[in-house]
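Starting off with a structure, shown below.
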Amino acid sequence: MIEERCNHMIVFIQLNSGYTNELKAQQYNENNEIKEYKGNNSNNMTNISMSPVPMWNDAHSLSENTIHHTTMSNGTIMSNSMMGQSLKSQSAKQVLDIPLLKSVSNNEMDTVPKYMKGRLTSLHVNVVIDGINIALENKYDILRKPRNVLKKKDQDMYNTWKIQQNNVGQGQYFVTADDISRFSETKVDKTTLNIIPILRHLKRLKESRTGGFVYYLPY
């Protein structure tokens, strides 16, 4: 009985040893294959790069199927696409901004020579500044429109401004006394003409006299 058990254990150990040897041989072959693969491709590994960023198609598909929202300070909810359009609109508006004249403070008026300002105050000066700004805004609002959509009256002004622009210089914003009177309630009278030197002194305005006309150019 004991002899039979011993013989059985010997056979089992031999079978186990054979199986273990077979596994070792298989592992050895696999390791050799891996080493051989690495050896053959070591020169090409430098050309392989992994990117943490998804493919464009995947990202594009995700952005199409996923809508992200942002809550604004006033409680309005805007999608990213809406915010993008809003930013583009604001950017375009900034590009077209007109250099308007800044208001004059009382402290600035104190720096104006007495002979120049007389009894004029910052209030008088700022009324003229408002009139010039209104004229600038209205004038360039017309100039930005296609000529064929303008009324006859605006087309005539459009043509006149284009001729004047050649005298002043391309890209330079300007208004004339006629523009100020046409678009605002400010009349270019004696008081206004006395305020113009103050605006020049405070670097709000420049003058250009060309072709018999006086052009007012904002700084």
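Below 15 angstrom from the Cβ of Lys190, what's the summed charge of the other residues (Lys, Arg +1; Asp, Glu -1)?
Result for the local shell: +2.
Could you pull out the trypsin sites (Lys or Arg not before Pro) across region 150-183 that fall in loop regions by DSSP (anything but H, G, I, E, B) with no more than 13 other Cβ atoms inside 10 Å?
Lys151
On to the next question. Take Asp178 and Gln165, extend 7 Å from each Cα along the Cα→Cβ direction, and tell me the distance between the two endpoints in nm.
1.7
Tell me, what HN-Hα J-couplings in whole Hz come from the Karplus equation 6.51 cos²θ - 1.76 cosθ + 1.60 at θ = phi - 60° for each residue of region 128-138, using x for Gly and Pro?
My calculation for region 128-138 gives 5, 4, 4, x, 5, 5, 4, 5, 4, 5, 5 Hz in order.
Per-residue HN-Hα couplings for region 97-102, Karplus 6.51 cos²θ - 1.76 cosθ + 1.60 at θ = phi - 60°, whole Hz, x for Gly and Pro?
4, 8, x, 6, 7, 7
What pairs from Lys162/Lys206; Lys114/Lys162; Lys139/Lys187; Lys114/Lys203 go past 28 Å between their alpha carbons?
Lys114/Lys162
All of the numbers you see were taken from the coordinates with simple rules; none came from a lab. Quick caveat, the model's predicted, so the values are computed rather than measured. Counting neighbours? That spans all protein chains shown, and the Cβs are built from the backbone with ideal geometry, glycine included.
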